[in-house]
Every structure is written in C-alpha cells, then in structure tokens.
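The values are calculated or read from the model by the stated rules, or taken from the named source; none is laboratory data. Predicted model, so just to flag it, every value in this text is computed and none were measured. Glycine gets a Cβ as well: all are built from the backbone with ideal geometry, and neighbour counts include every protein chain shown. The area values use the complete protein model at the heavy-atom level, side chains included, leaving out ligands, DNA and RNA. Shrake-Rupley method; radii C 1.70, N 1.55, O 1.52, S 1.80 Å.
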Amino acid sequence: MAFGRGGKMDGRRPSSTSSSFCTTTTVVVFVALCLVGAWMMTSSTVFPLEISSNKKPVVKQQPAPVNFGASQDNAGEGSEKFEDTDNNDATMPEEPNNKDATMEEKFTEKPEEKPEEKEPEVPTEKAETKDMFDDANGKSEGRSDDMKNDGDGEKSGEKKDDEITNESGDEKPDGESKDDQEEKPEGDATQEEQPQIEEKVEENGEKDQSSNSNEVFPDGAQSELLKESNTQNGSFPTQAAESKNEKEVQASSKSSGDATSYSWKLCNSSASTDYIPCLDNEKAIKKLRTTKHYEHRERHCPEEPPTCLVPLPEGYKRPIEWPRSRDKVWYSNVPHTRLAEYKGHQNWVKVSGDYLLFPGGGTQFKNGALHYIDTIQQALPDIAWGKRSRVILDVGCGVASFGGYMFDRDVLTMSFAPKDEHEAQVQFALERGIPAISAVMGTKRLPYPSRVFDVIHCARCRVPWHIEGGMLLLELNRLLRPGGYFVWSATPVYQKLPEDVEIWNAMSTLTKSMCWKMVNKTKDKLNQVGMVIFQKPMDNICYEKRSENNPPLCKESDDADAAWNVPLEACMHKLPVGSKVRGSKWPEFWPQRLEKTPFWIDGSKVGVYGKPANEDFEADNAHWKRVVSKSYVNGMGIDWSKVRNVMDMRAVYGGFAAALRDQKVWVMNIVPIDSPDTLPIIYERGLFGMYHDWCESLSTYPRTYDLLHADHLFSKLTKRCKLMAVFAEVDRVLRPQGKLIVRDTADTINELESMAKSLQWEVRMTYTKGNEGLLCVEKSMWRPKELDAST
C-alpha cells in the first residue's frame, strides 16, 4: 500500500500556511498510527506459502512393484511398503535403462478412512513377476495370511490385485485432487522402494557391469532403515535398530566377500570324474574291520566336507534329451565299457560309435522291460499300474530300464544299487533320465520313511533276503505300505538247483512268519523266468495269531520312520491302528492322490507354517502351482525341453514337484534331516524323495541333475555347515548348463551369487527386496587347473 502527498488525503486546500502545517502533521501522525496498527494485526496471521512451480512434485504412472508375501510377524498387512526415512531428499534413483523411472508422492492414510479404489489393469509381465517372488511360504518357517487366500480362488486374485493397486499408486482416491497433492508439505511424502531385478544372459558369460551404475535398491543399511520405518517411529530410526543394522551390514560384508575371495581347486581323487565323497572315502574304507555286510559300499563321509570341484570327462557334451536319452547317451559323458562287456548279452547296454545304447533289457527281461511289466500286471490285475500302484522301489536296479519303462505306465520308480563292480550302473540310469541313487542293503536303514512304497521289486537283485533272521527283508517290510506287494523274480523261484531250492524253502518260511501272503507265482515264457508276488497284511490280526514270535515285533519305542544312519534290526513294526492313522487305508488312486489332502492330515494338527495342517497343505499346493506356472515355467527363460532330472533340495509338502506334473520331468524331493518330517506326505501324494543331510555329499554321481531348487535352505545350513562346501556339492551334482534356483534371505543370495560368479557361472536373474531374494544361475563348463592336495 503506497501513500501520496498529505494534501490529497482529505481533498481540501489549506487556507493558510500555519494551519496547513498543523493539519498536515496531524494527518501524517494519524496515518502512521493506522499503519502501525495494521502491521500489528497482520503479523499475527499466517498466510499459506505458495509452492513454487520448480519444486512441484511430479507424479508419473508406475508399474505395480513386486511384493513378497508377509510373514506371520506382519500378518494381516496387504502389502509391504517402504517409506523414505530421509524427508529432505525425495529423489528416487533412476533405473539403469532410464525407463519407468518414477518418483511418487504418497500420504499417510488410515485404512478405514481410505475410499474404495478402482482396480487398475496390471501389465501381464508385472503380474507374473509378482508371482515369481511372492513367497507364501514366508521368509522362514512362518507362513503369512495371504497363504490362506491363495486357496480362495477368485477372491484371492482380487485381493492380490488390490495389493498391487495400493502399492503402485496408479490410482488416487476420489477425494484427493492434484491440487491437494501439490499443497502437501514435502516432508510428508513417502517413497516406495522398487525391486531390483537383473537378467543377465551374455554369450561370453561375463556380467554386464553397466547395470550396476544406478542401483534401484539402496545398500543394506538403508534397506534396513526403510524396513524400520514401517513402525510408529516416523522418520527417526531407533538406536537399537541403527546398531543392529550396522552389525548386520558388517557381518554381511565379511561373509559375502567377492568373486576373488574363493579359491577353487580340482578334486584329487582316484575316482576322478565320478567322485562321490561319501562313497569314495578310501581312508575310512581301509579302516573297516569287516566288509561282510557290504560296509564298504555304505556311506563314509569325510570329517571335513570337500570344497574341491570334480573334473569333467574329456569331451563332455550336453546330455541327450528325454525320451531319446532312455535309449542312448553320449559315450563321452559316461566313458565306461566294462558293463557293456559283462552284461551286453542281456541287453543292458552296448557301445555303438559315439553312443552307449540301452535296448531296454535286463537279467530277467532280455526281451524288453515293457513285456516284463505287462506280465506282472497279467499275473496280478489288482496291482493296477498307474492307478493303485504309483510309487515303487526297485532294489538292485542295474541300469534302471525297469524304472525307465515304468514311466509308460505312469508309475514313478525309486531305483537304487550299490557303487560296485557293475561299473557306473546308477550313473548310466541318471544319464538316461531315470531316477536312481547309489545305496546298498547293508547294516543301516534306507533313507526313506516307513509304509510308503506301493510295490517293491527285485529282479535278480542278489540280496540274501533269508539270512540273519531275514533282517534285509524286514527292512523292505518297514518300507512297504500295508496291503502293498513285493515282486521277486529270481532263480530260486523257478530253478531246481540245490542252492535255489534251499533259498526258496527259507524264503517261504520267512515270508509266512512275516504274515506275507503269496498271491501268485507265475512264469514269463518269453523271457523264460519266473516270479512270485507277496502281499503285506493290512492289520495286526495275523501277528497276534502267530504261534512263535519270530521274527519278533519291534519295541514300542522303536520309531519306524527314523531312517538316517539307524542300524537295522531283525524285527517287525506293528501296523497302524485307527482310521485316522497313516497307513490304515490305501491312498486315493492316481492321479487323484496328487491333489487330495491325505486323510490323516486334518485341522487337529498344526502344519509346518503354523496353520491347521490341512489348510497348510492346500495353501502350499496353490502357492507352488501359481509360482511354477507363471514364473518358473514361463518367466525365467528356462528351456524345459532340456530339463529332465530335477531336485527340490528342501521339499515340504511336495508342492513344487506336484506343480511340475505337466512337464516331462521327475523330481527328487529331499527332506533335510533337521526339517519337519513331511516326507510321508510327499509319498502319499504319489511323489517320492529321501532324507538327507546337506552338510554331507549326496549319494549320487557327479553331473546328474538338470535343475536344483532350494527354498530357504542355504540360510538354515549356515548354522551347521560351511556354505562353500555345500555349494561345491551343488556344483558336483549339477550338470554343466544346468540351473540353480534359490529363494532365500538377501544376505544369503548375495553370498551365493558371489560364489557362482567365482565359478564363472552365468547369473541369469538376481532379485532382492528387503530381506528376501531370488537367484537363478547357470553352471558353466569352467574347471580350475590346480589340484587339491587334501582329497
């Protein structure tokens, strides 16, 4: 407000000089007092500051970010959000390609006051990415509430979409206008953390370093602060959180290391390219007092797990794909001819140029396994291959042609044989794409739970079933499902040599005392062999009626499911009593049993993830269906036509394996010995697996699996094992160009990625968000030059 001369204020002209002066003075004083009063009044009023246009926040449309399923610690939250703890800087780092880079202003809202939002259209690729990393199994053994929603069909899908909408901010509530956003103080803006997803597929195997110039994620310490901001502490982290974060970052930096901190050497073993640490421990084998019970074929693991790498055979090639691999494999991959010389006349294996050929024969089925399999079906129609009988055990499998052709009958066969003079027989089986492990019936129980196999088969398996109180046959009795069948095809069944007659008489007496019923004894005229089929009882009535307690019943305290390094005993376990006890009735026929919740799993038991067991099972099944179909099969760039042998290194309910049913693969489900014993559930579904301790080597040959899957395994192993030794075992088992998929904590993912890089593996995908991450790597053909003197 400006003022002119005093004479213009009242519009009058003065009559004299003195009166004009006085009047002017009076008016000036009056006006001055008015100005002072006006200033005092206006100084008590605060006018809103106008936000300059150059500081106006920019809101861009942003793809829905990925979120992990919440753990039980934050159950009930629809999605995990990360707030910016530094309110002085609302700048979001740009993604490496400068595409989709966004900075979004969000304002705190109470959930009950937030109006209903319109559901946006989520891009397909982003929705798939969400499913790839959304882990309904939780970060550890805990399971989130959204796991339950996974089984709710369309309702679950709607909730997931809502989570994406809320997190992406693509749509704002109707009551919040653009002007409102502009007038919000900058200090109230929150910033979402974008997931870091890197896909690296370089032909030269080297990682593109340019993608790391602008990391989307902050470093470990900042990530923890973002995580802490979800509490009610506002923008100020607590001292406890700061100290904890710094300790974790320091520990992580020490443990993770980089690609140059790992020194790999070649294993220096007499087994060379076929080295199995727990079966080729010559030092321990030499110290054995006896080998009468095949102790030298059992596991004898080194005190310190090896960290060396097994060399590749000269001229190693990518294995032939299934189903052609059932008939032939590359000779250079398994360069052994002794078995062809020894068993070639029985159509086990033959050498032909660059290939090893497998005519499909065996000692008891020279004219092919399929005819032999059908002969069993004709002898006992109730065996119903692929319906009633789904999971079987083949003892002394040779090159596993029996199990290989059982796939044609929709039957899954666990084959095993010792690492013996039948050179590399199990290795041949696995190279062909047929399930098998190296094991022997010696002094310890086999690594399987009780009452899980529908049928057990032995064709000239050379096991002395009748000796020492029938101890070895009693181990089969432990494994056989009540009402299951034992098919025995061997010379004592159909030949009349004195030794054969003696064995047959002993077997007849033993099986009768075990209450096994001989349901059929027949001959295969084409192959000129005979077979007998026994059935295990369904209840304890026969046991109670026996005149002699021989073989004796096991003590009540004897756990039939205990199978890891447990000595054999010549006793029988009582059969289950009660309609809700596992084994009291036969499972659903295949394939219904795959999806059916086992009858003995109900709401009265607590599942692995804390829910009622039946809900736990169903939610886990739905989760893995979604992840596998939308991510592993279609979202990772894996050519599944080149994948045959798969292992789930930490299976729970077998959901991962069940979700792969439509692929031409088989899955070995490993239940670690320190995990909840869910292996019986896996068998009940018509799948199979075994127990194992990942601090030791697996009883399999090198280069036998195309894909390994580990869900929150490695972080748990760090408490007991050296991670470098475990990763060396992964390298041993995995084929060159095979894939390893790991879901684990972010620190563990970083450490494993460093190890993979040090082995010159290709990092196909790496992902971290908060404390969770995912890694997909591909093994290379690289081998070190230096030998390890310790092996």
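Which residue is least open to solvent (accessible area, probe 1.4 Å), if the candidates are limited to the range 331-360 and must be of a type in the set (Gly, Ala, Ser) and in contact with a Gly (Cβ under 6 Å, 6 or more places away or on another chain)? Spell out how you get there, then give the answer.
Step one: filter the range 331-360 for residues of a type in the set (Gly, Ala, Ser), giving 332, 340, 344, 352-353, 360.
Next, from what is left, pick out any that are in contact with a Gly (Cβ under 6 Å, 6 or more places away or on another chain): 332, 360.
Values: Ser332: 25, Gly360: 1 Å².
If we take residues in the range 331-360 being of a type in the set (Gly, Ala, Ser) and in contact with a Gly (Cβ under 6 Å, 6 or more places away or on another chain), then Gly360 is least open to solvent (accessible area, probe 1.4 Å).
Within the range 657-668, is there a residue that is open to solvent by less than 10 Å² (accessible area, probe 1.4 Å), part of a strand (DSSP E or B), within 30 Å of Asp420 (Cβ to Cβ) and in contact (Cβ under 8 Å) with a residue 12 or more places away in the chain?
Among the residues of the range 657-668, at least one is open to solvent by less than 10 Å² (accessible area, probe 1.4 Å), part of a strand (DSSP E or B), within 30 Å of Asp420 (Cβ to Cβ) and in contact (Cβ under 8 Å) with a residue 12 or more places away in the chain, which makes the answer yes.
Does at least one position in the range 310-326 carry a residue that is among the β-branched types (Val, Ile, Thr), open to solvent by 40 Å² or more (accessible area, probe 1.4 Å) and either touching a Gly at 6+ places or on another chain (Cβ under 6 Å) or not assigned by the TED database to the domain that holds Ala436 (or both)? Explain how you work it out, then say what you get.
Initially, the range 310-326 is screened for residues among the β-branched types (Val, Ile, Thr), giving 310, 320.
Cutting the leftovers down to open to solvent by 40 Å² or more (accessible area, probe 1.4 Å) gives us none.
No, that holds for no residue.
Report, ordered by the first and then the second residue, all pairs with beta carbons closer than 6 Å, sequence separation of six or more or different chains, a first member in the range 534-546 that is closer than 20 Å to Trp586 by Cα, and a second member that is hydroxyl-bearing (Ser, Thr, Tyr).
From the range 534-546, the pairs are Phe534/Thr511; Gln535/Tyr485.
Is it the case, given these coordinates, that Ser604 is within 26 Å of Ser579 (Cβ to Cβ) and either assigned by the TED database to the domain that holds Met414 or of a type in the set (Ser, Thr, Tyr) (or both)?
Considered against the rule, which asks whether it is within 26 Å of Ser579 (Cβ to Cβ) and either assigned by the TED database to the domain that holds Met414 or of a type in the set (Ser, Thr, Tyr) (or both), Ser604 comes out as yes.
Going by the conditions given, is Asn268 at pLDDT below 50, open to solvent by less than 80 Å² (accessible area, probe 1.4 Å) and not in a helix (DSSP H, G or I)?
No: the conditions fail for Asn268.
When residues of the range 483-507 are filtered for being in a helix (DSSP H, G or I) and touching a residue at least 40 places away in the same chain (Cβ under 8 Å), how many remain? Walk me through how you get there before you give the answer.
At the first step, the residues of the range 483-507 found to be in a helix (DSSP H, G or I) are 491-494, 498-507.
Add one more test, that the residue is touching a residue at least 40 places away in the same chain (Cβ under 8 Å), and what stays is 506-507.
Residues meeting the conditions: 2.
Only one of (1) touching a Pro at 6+ places or on another chain (Cβ under 7 Å); (2) outside any helix (DSSP H, G or I) is not met by Ser325, so which one is it?
Condition not satisfied by Ser325: (2).
Quick grid of which residues meet (1) acidic (Asp, Glu); (2) crowded, with 24+ Cβ neighbours inside 10 Å; (3) modelled with pLDDT of 95 or more; (4) within 29 Å of the chain's Cα centre (by Cα):
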site	(1), (2), (3), (4)
Gly404	no, yes, yes, yes
Glu421	yes, no, no, no
Gln425	no, yes, no, yes
Gly433	no, yes, yes, yes
Ile437	no, no, yes, yes
Met441	no, yes, yes, no
Pro447	no, no, yes, yes
Ser450	no, no, yes, yes
Val493	no, no, yes, no
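Tell me the residue from Leu752, Leu774 that is open to solvent by less than 10 Å² (accessible area, probe 1.4 Å) and either touching a Ser or Thr at 6+ places or on another chain (Cβ under 8 Å) or not in a helix (DSSP H, G or I) (or both), please.
Matching residue, one of Leu752, Leu774: Leu774.
Just one of the numbered conditions (1) under 29 Å from Leu380 (Cα atoms); (2) not charged (D, E, K, R); (3) not in a loop (DSSP other than H, G, I, E, B) is not true of Asn527; which one?
All conditions pass for Asn527, except number (3).
What residue, of Leu472, Leu480, Leu526, is within 44 Å of the chain's Cα centre (by Cα) and in contact (Cβ under 8 Å) with a residue 60 or more places away in the chain? First the steps, then the outcome.
Details: Leu480 fails: in contact (Cβ under 8 Å) with a residue 60 or more places away in the chain; Leu526 fails: within 44 Å of the chain's Cα centre (by Cα).
None of the others qualify; the one that does is Leu472.
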